1. I'd like the antiparallel share, as a percent to the nearest 5, of DSSP beta bridges with both residues in the chain.
2. Once fully extended, how much extra length lies between Ser262 and Glu83, figured as 0.36 nm per residue of separation less the alpha-carbon to alpha-carbon distance?
3. Once the piece of chain linking Thr200 and Ser62 is laid out straight, how much longer is it, given 0.36 nm per residue of separation minus the C-alpha distance between them?
4. What residues have an amide H closer than 5 Å to that of Ser249, excluding those fewer than 5 places away on the same chain, when H is modeled at 1.01 Å from N in the peptide plane?
5. Sort out for me the Cα centre separation of region 209-264 from region 96-157, rounded to whole Å.
6. Provide, for the chain, the number of lysine pairs with alpha carbons under 23 Å apart, each pair being eight or more places apart or on different chains.
7. What residues have an amide H closer than 5 Å to that of Ile113, excluding those fewer than 5 places away on the same chain, when H is modeled at 1.01 Å from N in the peptide plane?
8. Report the charge-dipole magnitude of the chain in Debye, nearest 20, computed about the Cα centre from +1 at each Lys and Arg Cβ and -1 at each Asp and Glu Cβ.
Amino acid sequence: MLDYHVHTEFSIDCKIPMPVQCEAAIAAGVTEIAFCDHLDHEPADPGYGYYRPDAFLASIDSCRDLFGDRLTVLAGVEADFNERIAGQVEKFFSRYQFDFVIGSVHYGENGRIIFQDYFDDHDWDDVYLPYLERLKLAARSGLFDTLGHIDLPKRYAPVNKRTYDPLRYKDELQQLFKVLIEHNVSFEINTSGLRQTPRTSMPGPAIVRWYAEAGGRLITIGTDSHAPQHIGSGIPQTLDMLELCGIDSVSSFRGRQRSQRSIESLRPAQAVVDRA
């Protein structure tokens with residue numbers, strides 16, 4: 001089982017030490033984990049300046065020594081992106097090497113984070129259309145292996161604005177798929193939405209199906225776990241969803257090099273027997 005989006009004490013919004021997350025992953029049956037702590041270059045972000053890359057990479061090496069016979073530990077990072085900070089992100093990746101890089105858009109206009117209060121003075125079109133444009137910029141940048149939670153705004157929409165329907169944005173999403181395919185960039189299925197509002201993965205099955213119909217085949221899966229009990233959560237049902245939507249493999253990485261792993265090969269042996 002692969003979990004390609006887990007946080008540790010190197011993210012401002014997580015206090016769990018990396019070795020504790022490794023132990024939890026092993027207990028959950030995860031065999032390959034990518035630690036992807038937040039890299040924030042946007043000054044308006046609370047995590048600006050918090051990430052410590054040298055200490056993070058040293059912790060990765062330590063965990064490989066401790067758990068390497070039971071768990072493949074990958075050095076990942078979740079780098080925030082918008083057009084204001086693209087140069088700083090590029091400069092960072094000229095200095096540091098990782099196995100896997102997620103590009104995530106968390107910001108709206110003027111570097112404001114898309115939380116509930118962002119919807120106070122923005123309707124859905126004001127939020128989601130510029131968001132999709134920033135995702136396309138991220139994909140074209142060449143900086144990222146995958147894009148994180150590509151319909152993230154649905155998670156933070158207040159109750160009176162939980163009207164998100166991906167069908168309204170199908171044409172714009174098709175444009176995003178074209179860019180992703182042209183630049184060999186995947187997007188992740190972020191399973192955190194299954195255990196939180198909106199009670200569906202980010203993105204959900206409709207978007208995955210449209211992507212597959214457009215010829216897309218590159219997907220990563222991550223739980224976005226900030227707590228040990230969430231590592232591996234939702235991954236088996238996500239594999240089922242991907243197959244139903246026409247995706248038969250997910251991406252794995254070493255040193256920023258992608259390989260594809262068949263979904264069937266990622267299922268526990270007993271599960272394969274049961275399905276046969």
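FYI, it's all coordinate maths here, none of it is from the lab. What you see is a predicted model, and the numbers here were worked out from it, not measured in a lab. Don't worry about glycine lacking a Cβ; one is built from the backbone with ideal geometry, like all the others, and counts go over all protein chains shown.
1. Working: 8 of 33 bridges.
Rounded to the nearest five, the antiparallel share is 25 percent.
2. Numbers: separation 179, 0.36 × 179 = 64.44 nm, distance 3.51 nm.
Contour length minus the Cα-Cα distance gives 60.9 nm.
3. Numbers: separation 138, 0.36 × 138 = 49.68 nm, distance 3.50 nm.
Once the chain is fully extended between Thr200 and Ser62, it gains 46.2 nm.
4. Long-range HN contacts for Ser249: Ile263.
5. Distance between centres, Cα-based: 20 Å.
6. Details: Lys91/Lys136; Lys136/Lys154; Lys136/Lys170; Lys136/Lys178; Lys154/Lys170; Lys154/Lys178; Lys161/Lys170; Lys170/Lys178.
Counting lysine pairs in the chain gives 8.
7. Under 5 Å from the amide H of Ile113 lie the amide H atoms of Gly108, each far enough along the sequence or on another chain.
8. Numbers: 28 positive and 40 negative charges, 100 e Å.
With only Lys, Arg, Asp and Glu charged at Cβ, the dipole is about 480 debye.
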